[in-house]
Amino acid sequence: ITNCYFYDGNATANNFSFTHHIDHCTFDTLKGAQEFYQGYSQQPSYFNNSFITNMSGVTGGGIGIVIGGAEVGAVNPSYTISNNMISASGAGIFLDPVRNLNILDNLFINCSPGVQFGVAGYQGTTNTDNVLIRGNHFTNTYIAFSFYGSASRESVRNINIVSNVMYYPGANSQFANGGGWSTNVFFTYNTLYSVTFGLSGKSMTGQWWNDS
C-alpha cells in the first residue's frame, strides 16, 4: 500500500492478519491507522515513511497502530515500524502481544503514551518477546513507554530501548512507567529533556529494569 490517503473519522483504516508493506501513506482523523493480528502472517511486514495524525476520530479515543495476535507455534515474523510521524490521543503504538518487533526512527507527538505494552483486549496465545525500540523521538508525549502486561498473559520480556530522545515541557512526565510484569527490559543511551521522572517502575513485578 503506497501513497494512499485514509480519512474517515470513526473507523480504523487497515485491519490485517496477512503480510503487508505500507509506505508513504497518510492517515488522518481516524480511530486508528492499523490493527494487525501477527499470528497468521508468514513473512516480514513493514509500516514506514507515513504520516499518522488526529487519531481520535470524531468521537474521541484513538490509537495509532495496534499489533497483537502473536501465537504459540506460529512463525510470528518480524514487523518493522520506521520513519513515521505518529500523533494520537491514546497510545501511538499499542502491543498486546507481539514478537520480533522493530520500532525505529519514528517521531511521536502528543501521544498518551508513546508505546504501550498492555493487557486490555488481549488477543493471541503467547507473550510479547524480542522488541527493539531505537532512535525514536517523543515530543509533548507525557509518557514515552508504559508497561501493563501480566505474568499469566502478555508477560513482557526481552525488550531493548536504545538511543531514544524525549522532550516534555510540563510537570510529572515520565520516560517509562508501569504496573504490570516484565523481565529483561533494557534502557540504554536514552536522552531526556525537561522530563520529571526517568523510570517509574515501583509497581512493576518480575525483574528490575536495567538502565545504562
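You will find that of Phe187, Phe147, Phe175, the residue that is surrounded by fewer than 22 Cβ atoms within 10 Å (Cβ to Cβ) and not acidic (Asp, Glu) is Phe187 and no other. In the range 191-212, the residue that is modelled with the highest pLDDT out of those that are open to solvent by less than 40 Å² (accessible area, probe 1.4 Å) and part of a loop (DSSP other than H, G, I, E, B) is Val195. Residues that are among the small types (Gly, Ala, Ser), in a loop (DSSP other than H, G, I, E, B) and at pLDDT 95 or above within the range 133-159 comprise just one, Gly135. Scan the range 66-90 for residues that are at pLDDT 95 or above, part of a loop (DSSP other than H, G, I, E, B), closer than 22 Å to Thr139 by Cβ and open to solvent by less than 20 Å² (accessible area, probe 1.4 Å) and the total you get is 1.
In the range 21-42, is there at least one residue being at pLDDT 95 or above, under 22 Å from Asp105 (Cβ atoms), in a loop (DSSP other than H, G, I, E, B) and out of contact with any His (no Cβ under 7 Å at 6 or more places or on another chain)? Within the range 21-42, one or more residues are at pLDDT 95 or above, under 22 Å from Asp105 (Cβ atoms), in a loop (DSSP other than H, G, I, E, B) and out of contact with any His (no Cβ under 7 Å at 6 or more places or on another chain). Mind listing just one residue for me: the one in the range 150-166 that is closer than 20 Å to Ser182 by Cα and among the hydroxyl-bearing types (Ser, Thr, Tyr) and, of those, surrounded by the most Cβ atoms within 10 Å (Cβ to Cβ)? Selected residue: Ser155. Scanning the range 174-212 for residues that are under 18 Å from the mean Cα position of the chain (by Cα) and closer than 14 Å to Phe138 by Cα returns Gln174, Phe175, Ala176, Asn190. Can you spot a residue in the range 119-128 that is in a strand (DSSP E or B), within 26 Å of Ser173 (Cα to Cα) and open to solvent by less than 50 Å² (accessible area, probe 1.4 Å)? No: zero hits. The set of residues in the range 1-15 being within 11 Å of Thr26 (Cβ to Cβ) and either in contact with a helix residue (DSSP H, G or I) (Cβ under 7 Å, 6 or more places away or on another chain) or exposed (fewer than 13 other Cβ atoms within 10 Å of the Cβ) (or both) consists of Asn3, Tyr5, Tyr7.
So for the range 56-65 (the condition being open to solvent by less than 30 Å² (accessible area, probe 1.4 Å) and in a strand (DSSP E or B)), does at least one residue qualify? Looking for residues that are open to solvent by less than 30 Å² (accessible area, probe 1.4 Å) and in a strand (DSSP E or B), one finds at least one in the range 56-65, hence yes.
The values are calculated or read from the model by the stated rules, or taken from the named source; none is laboratory data. Please read all numbers here as calculations on a predicted model, not as lab measurements. Methodologically, a virtual Cβ is constructed for each residue, glycine included, from the backbone with ideal geometry; neighbour enumeration extends over all protein chains shown. Ligands, DNA and RNA are excluded from the accessible area calculation, which covers all protein heavy atoms including side chains. Shrake-Rupley method; radii C 1.70, N 1.55, O 1.52, S 1.80 Å.
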